[in-house]
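Undergrad: The structure follows.
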Amino acid sequence: MAGFWDFEDPLIPMEDWIETTVDWLVANYRSEFQLIKWPVQKVMWGMEALFKGVHPAVMIGLLTLAAWKLVGWRMALFTAATLFLVGLLGMWEHTMVTLAMVVSAVAFCAAVGIPLGILASQSDRFEAGLRPLLDAMQTTPAFVYLVPVVMLFSIGTVAGVIATIIFAMPPIIRLTNLGIRQVPQELVEASRAFGATRSQRLRRVQIPLAMPTIMAGLNQTIMLSLSMVVIAALIGAGGLGVPVFEGLNSLQVGLAGVGGLSIVLIAMVLDRLTQALGTPKAK
Amino acid sequence: MADKEKIVVKNLYKIFGHHPARAFPLLKKGKTKEEIHAELGLTIGVQDANFSIPEGEIFVIMGLSGSGKSTLVRMFNRLIQPTRGQVLVDGRDIVSMGKAELIKLLRSDMSMVFQSFALMPHMTVLQNAAFGLETAGMPKKERELRALDALEQVGLKPYADSMPRELSGGMQQRVGLARGLAVDPSILLMDEAFSALDPLIRTEMQDELLRLQSEHQRTVVFISHDLDEAMRIGDRIAIMESGRIVQIGTPDEILQDPADEYVKAFFRGVDPTNVLSAGDIARKTQVTAIRHKGEGPRAVLERLNREDRPYAYVLDQKKVYQGIVSVDSLKSVIKDGGEPRFADAFLPGADPVDAAAPLQDLIPLLTAAPWPLPVVDEAGRYLGAISKNIFLKALYRADMPEETTGENPPEANG
Ligand SMILES: Nc1ncnc2c1ncn2[C@@H]1O[C@H](COP(=O)(O)OP(=O)(O)OP(=O)(O)O)[C@@H](O)[C@H]1O
Ligand SMILES: [Mg+2]
């Protein structure tokens, strides 16, 4: 028989507790969770229709134009070449699904995360309460999200987007909060001295000055979304995770390799584009 | 100048820390700032300030770093919430005022200029100048017109569309000033507004302020570290130490009758049996003109203009002091026609002081004379001159060491 100090049998039945909790949530609140799912589903389906519906040549043209406007002609060339290559590799449709998922997830992250970050910047207490939650969201391995998400939201692309939202939200909250708190005290004082209300101060001074930091947060959120979207293939989400996952299952190293390459290429495009958002071109 | 009291401060306290009221019993017992900090961990920012500022006055607050100057002034616009007491502006108490009323006051009648300029880096010069009007909700067209007007007052209209970072420090502070003026306040708070500027620009800004003041009398509360600046622009000066106001008076009053050791340390040195004499501190920083054929009044006038100095000290070939001429007096003798002579341009009353004169004797002379005092030896030879600034600095250096250990010199920035 194993002794106490072997630590073999769990004396704290944490496993059971978690299971009971999640089961209880599923049993009692599934409909509420379906309610959360609804807007995500709407946006995701809309995005998917958009990205898949637009002719590849038009899509490449639009993204190239955006790259040219935001960064410059080198980036435009790189974007065009990358997308073209992805198409030649036969990964176009998967890529579009992935982009639709990333865009949807990031839209929700920004819509929820930026206001939360602003709130956190205004209240030390709120920030203190939020911090452990964000730490947990960020340090929990991506795979661990998948089980409860599947139980609450079932499988598929939409469930994958929801897992992605949870996983990718922390940086935008953190950096919005940080960016606003980093605005020099003297500027905050100056705006108060001239009779600015809190909302005027936020709108005219703190948020504009925090923009580069908020954009850095957005960039991190986008990159995290991309990595999670791929993992979400495990729970039946579409996109570039699918070839990787299939290749892994059937040991088709070529297929997995092509999927992986496409992910890396898309990541590079997204990273550079969104980094450019944070550092506007000098006038 | 009207006699109306613009700002009245009554029993005003600021104590930093948790549960600040705990400090009052100790203050009553006469405990010092340090003792209270050691005992309760509370910092006395300002204690029991009582004074009033009449309308249109330039009121300068001086004191060593940490003496509570900024805290005091920031309670006037409630950037810092007072712990106790009243600040009455036109009879209305700022401290108990509701938020909406306070905001209204800040948008229209009281503005602030900061040491670090505190311009919004993402806004143009014009937008910065219009900031106070924008918060007040004035329509764009109208506020830009008024901001342009304010920029014009400080000579920066051509830079309206520049970004602040493209301007020099002096120009940035002009924008800060324009931002303050644009709301057309009757009270202007200036927290070491010119301290970050180099000396020449600083003097220029002081002149600018005095000029603006002559056009439109505002009540100006001006914090300064610089004795010369305080004497130059202040109608009255308040000296602060450890959160208390230890003396208030005109520059001359304070110079002649310092209230205590601390003020003496500021204004004339602590040791009355000072061993220094006029000759020890005279400096050859003034323009001198030797009376000989080569350099006549015209040449000296030109030199003064070129070097942008107001006075020249005229000596003979043996360096014996003759008199002082000014730009204006030179101009008038030249204009009178004929061959101009220095003797006709000498300013009346510019008597030299003896090198052996004790420094105390110089105080009335210094406050009376607009020019630096010329100093001569027994033979009447010019040794140099003593400006107010040289005087104060010299005395200060000579007397500080034992008396106020551990403090920073008054003119050092904190
Ligand atoms: N927010 C704060 N919290 C705690 N203590 C403060 C705070 N602000 C100022 N103090 C303290 O109050 C005292 C007065 O500070 P204040 O800034 O008014 O001095 P000052 O005379 O303006 O100095 P300086 O010449 O350096 O600007 C100092 O002891 C300072 O440490
Ligand atoms: Mg200060």
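Undergrad: Taking the radius of gyration and the Kirkwood hydrodynamic radius from Cα positions alone, what is the Rg/Rh ratio for the range B:128-181, to two decimal places?
TA: With Rg and the Kirkwood Rh in hand, the quotient comes to 0.95.
Undergrad: What does the structure give for A:182-191 when I average, per residue, the other chain Cβ atoms found within 10 Å of the residue Cβ?
TA: 5
Undergrad: Right, something else. Express the Stokes-Einstein translational diffusion coefficient of the protein assembly as shown in µm² s⁻¹, to the nearest whole number, given a Kirkwood radius over alpha-carbon pairs, 25 °C and a viscosity of 0.890 mPa s.
TA: It comes out at roughly 78 µm²/s.
Undergrad: On to the next question. Amide H to amide H under 5 Å from residue B:57: which residues, 5+ apart in sequence or cross-chain, H placed 1.01 Å off N in plane?
TA: B:220
Undergrad: Okay, next question. Could you please state how large a percent of the accessible area of chain B is carbon and sulfur, counting protein chains only and using a 1.4 Å probe?
TA: Its accessible area is 49 percent carbon and sulfur atoms.
Undergrad: Provide the percentage of antiparallel DSSP beta bridges, counting only those with both residues in the protein assembly as shown; round to the nearest 5.
TA: Antiparallel bridges make up about 55 percent of those DSSP assigns within the protein assembly as shown.
Undergrad: Go through the range A:1-106 and name the chymotrypsin sites (Phe, Trp or Tyr not before Pro) that are in a DSSP coil and have 12 or fewer other Cβ atoms within 10 Å of their Cβ.
TA: Passing both the DSSP loop test and the Cβ count: A:7.
Undergrad: Which percent, to the nearest 5, of DSSP beta bridges fully inside the range B:279-404 are antiparallel?
TA: Once the DSSP bridges in the range B:279-404 are tallied, antiparallel ones form about 65 percent.
Undergrad: What value in Å³ per residue do you get for the convex hull of the alpha-carbon atoms in the range B:279-404?
TA: Measuring per residue, one finds 107 Å³ for the Cα hull of the range B:279-404.
Undergrad: Same structure again: Tilt of helix B:169-182 relative to the longest C-alpha principal axis of chain B, in degrees (0 to 90, nearest 10)?
TA: Result, in degrees: 50.
Undergrad: Report the accessible surface area buried between chains B and A, summing both sides, using a 1.4 Å probe on protein heavy atoms only, in Å² rounded to the nearest 100.
TA: 1800 Å²
Undergrad: How high is the relative contact order of chain A? Use alpha-carbon pairs under 8 Å, at least six apart in sequence, and give a whole percent.
TA: Reported as a whole number, the value is 22 percent.
Undergrad: Before anything else, pin down the relative contact order of chain B: Cα pairs under 8 Å, at least 6 apart, normalised by residue count, whole percent.
TA: The value is 16 percent.
Undergrad: Compute for chain B: radius of gyration divided by Kirkwood radius, i.e. Rg/Rh, restricted to C-alpha atoms, rounded to two decimals.
TA: For chain B, the value is 1.03.
Undergrad: Now for a separate question. With the cut-off at 1.5 for a/c, could you classify chain A from its C-alpha gyration tensor as rounded, prolate or oblate?
TA: Oblate is the answer for chain A, as a/c is 1.5 or above yet b/c matches or exceeds a/b.
Undergrad: Give, as a single signed number, the net charge of other residues whose beta carbon lies under 10 Å from the beta carbon of residue B:372, with Lys and Arg counted +1 and Asp and Glu -1.
TA: Computed value for this residue: +2.
Undergrad: Grab the other residues whose beta carbon is less than 11 angstrom from that of residue B:82, score K and R as +1, D and E as -1, and report the net.
TA: The answer is +4.
Undergrad: Please give the Cα centre distance for the range B:97-126 versus the range B:171-217, rounded to the nearest Å.
TA: If we compute the Cα centre of each part, the gap is 15 Å.
Undergrad: May I ask for the distance between the Cα centers of the range B:27-69 and the range A:140-181, given as a whole number of Å?
TA: If you average the Cα positions of each part, the centres end up 53 Å apart.
Undergrad: At 222 nm, what helix-only mean residue ellipticity would the protein assembly as shown give, in deg cm²/dmol to the nearest 500, using -39500 (n - 2.57) for each DSSP H run of four or more?
TA: -17500 deg cm²/dmol
Undergrad: Do any trypsin sites (Lys or Arg not before Pro) in the range B:1-65 lie in a DSSP loop with no more than 15 other beta carbon atoms within 10 Å, and if so, which?
TA: Filter output for the range B:1-65: B:4, B:29.
Undergrad: Another question, if that's okay. Taking each full run of DSSP H in chain A as one helix, which ones are at least 18 Å long along their axis (Cα atoms) and have mean Kyte-Doolittle hydropathy of at least 0.0?
TA: Flagged H segments are A:56-70, A:73-88, A:92-122, A:157-181, A:207-231, A:253-278.
The values are calculated or read from the model by the stated rules, or taken from the named source; none is laboratory data. What you see is a predicted model, and the numbers here were worked out from it, not measured in a lab. Note that we place each Cβ from the backbone using ideal geometry, even for glycine, and neighbour counts take in every protein chain shown. Keep in mind that these areas ignore ligands, DNA and RNA; they rest on the heavy atoms of the full protein, side chains included. Shrake-Rupley method; radii C 1.70, N 1.55, O 1.52, S 1.80 Å.
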